Amino acid sequence: MSSLGHQLATSVLVVGSGASGLRAAIEVAETGVAVAVVTQRPSDNAPTRERYEAAEWESTVAHPGDTGDRHAADTLRESRFLTFAERHTGWDLYRNLHARARQLAIPVLHHVYVTRLLVDDGTVFGAYGFDLVDGSGHLVHADSVVLATGGHTRIWRHTSARRHENTGGSLRLATEAGARLRDPELVQFHPFGLTGPDSTAGMPVSERARDVGGVLLNNLGERFMTRYDAENMERSDQATVARASYTEIKEGRGSRSGGVWLDLSHLPGETVLTQLPRLHRRMLELQTLDITRDPIEVVPTAQFSLGGIWVRPEDHSTDVDGLFAVGEAAWGPHSANPPTENTLVELLVRARVTGHAAAEYSATLTGTHRSPAATRAAEADVRRLLSADGDQNVRALQRSVRQLMTEHAGVVRNEAGILAGLTGLDEIEAQAMDIGVHIDIGGFRDLAHAYDLRSTVLAARATLQCALERRETHGFHHRSDHPGTASAMRVTMLWSQATGARREPLPSLPATLIEQPADTDPTG
């Protein structure tokens, strides 16, 4: 492995080539500032289309006649007022961002795994990584860095994340650089994730399936939502439906594969074919399943990281000078329970703000920070892992973390389970001291798995410790030992490697938002 096979200097470095990363990079380029993108994805890889088609992502803005305050108030109600800080759509969105980035000739370094952000005296000056194919080192000097590498949903067994993404790498990179996390315990669980096949397990089924009349059944054939929300049934909010399915499975009324059934077979076939044509086609392709006749086996799946790296809301800067974060990497305004329709609009707006701020920071610098010692430490860390020849299998340990998090910090949590999870995580971390890393003709993917394991353990620990401290139920954070929403506990959880989980009070909400009339009265 070459220590410094490739070197590059740019004004702004964006780590991650998803929609958030591309939008941020586009904003930087359009301001006339030099920008480069580094990504694990190979040059011929785009997000798997079926992930977008089955979910049928939507986007919205304020309804006609709504004021900005009214839309903001509805958003905050859905989030349980936890995240206020003072001040076939998804696929098309990505394609257009990708095309615009090519048009602007933004350089992209493909199949490069970033192992460490380079920091000198509290200021970021670039990143270090390696090529997943040949192992050559990559050193990128930059005045500012934007982390857009996703969240940590892949630390659960059922997840909508792609295989090698969302393992918590953004959280590890940021905290090792000196940043803090905010509310990592808050994660959105989609109630309708596929149980298989392996290549698409966890992929969320379109919400339209329940909107057109789909019903949830347990292994007794009961429409079990009558026990959890008899008024709204399957059209209850996502957190309540996910919790209901989890409870049915946990109490032994689930399917053999550990799911429940989403059934459309009672509807006229023409309704299903007209309203859900893409879902019908995809289920035939994936499972040879005709949803006009047969139910879909589904399970709650970790879909979206609602907490993440602590950032300033006005520009998405972090505790580390020159370091910014956006997308699932950063905490958002919807922590407890996001309105799904806001997701894509929020992505575009926040990524634009972040890119502009990173470009502006870079343009106003009067000097540069460089630390050869930090670069040497990053190189040495890679060499140390490459020489690891222990008995523990990295991927097996990752699976152990995912199973642990599903069992102890999934849809429903309690103190005893969280403490058991922390004990189990200690044991896994001890085993990880004896891992073996093996390079073969397939490249350096095993080295990437070793770093993924490090990220997964850190993200799991932050999630468990913050979940333990948040002794209340809010949206997707459900504590069965604290089922009531503790309005007096309006706090955010801040986490760092040095301090662990700490509570911080939230600022008061403006009266203009509190007094807005509600369209709905969400529960959960």
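Each reported figure results from applying straightforward, stated rules to the coordinates on display, with no laboratory input. Given the structure is predicted, the values throughout are model-derived calculations rather than measurements. Backbone-built Cβ (ideal geometry, glycine too); neighbour counts: all protein chains shown.
Before moving on, here are some points about what is shown:
- Cα-only radius of gyration and Dmax that characterise the stretch 189-296, units Å: 13.0, 36
- 3J(HN,Hα) from dihedral phi, the stretch 467-476, Karplus parametrisation 6.51/-1.76/1.60, rounded to Hz, x for glycine, proline: 5, 5, 6, 7, 8, 6, 10, 9, x, 7
- As a calculated quantity, the FRET efficiency between residue 419 and residue 392 at R0 = 30 Å, using C-beta atoms, amounts to about 0.80.
- Listed peptides 361-369, 255-263, 143-151 appear in the order 143-151, 255-263, 361-369 once ranked by packing, highest mean of other Cβ atoms within 10 Å at the front.
- Packing-based exposure ordering (other Cβ within 10 Å, fewest first) of 433, 283, 493: 433, 283, 493
- Sorting 246-253, 351-358 by average packing, meaning the other beta carbons within 10 Å per residue, from highest down gives 351-358, 246-253.
- Shown for 131, 452: other C-beta atoms within 10 Å of each C-beta, ranked fewest to most, produce the order 131, 452.
- Whole-percent pair-distance distribution, where bins are 5 Å wide, for the alpha carbons of the stretch 387-485: 2, 13, 23, 19, 14, 11, 8, 5, 3, 1, 0
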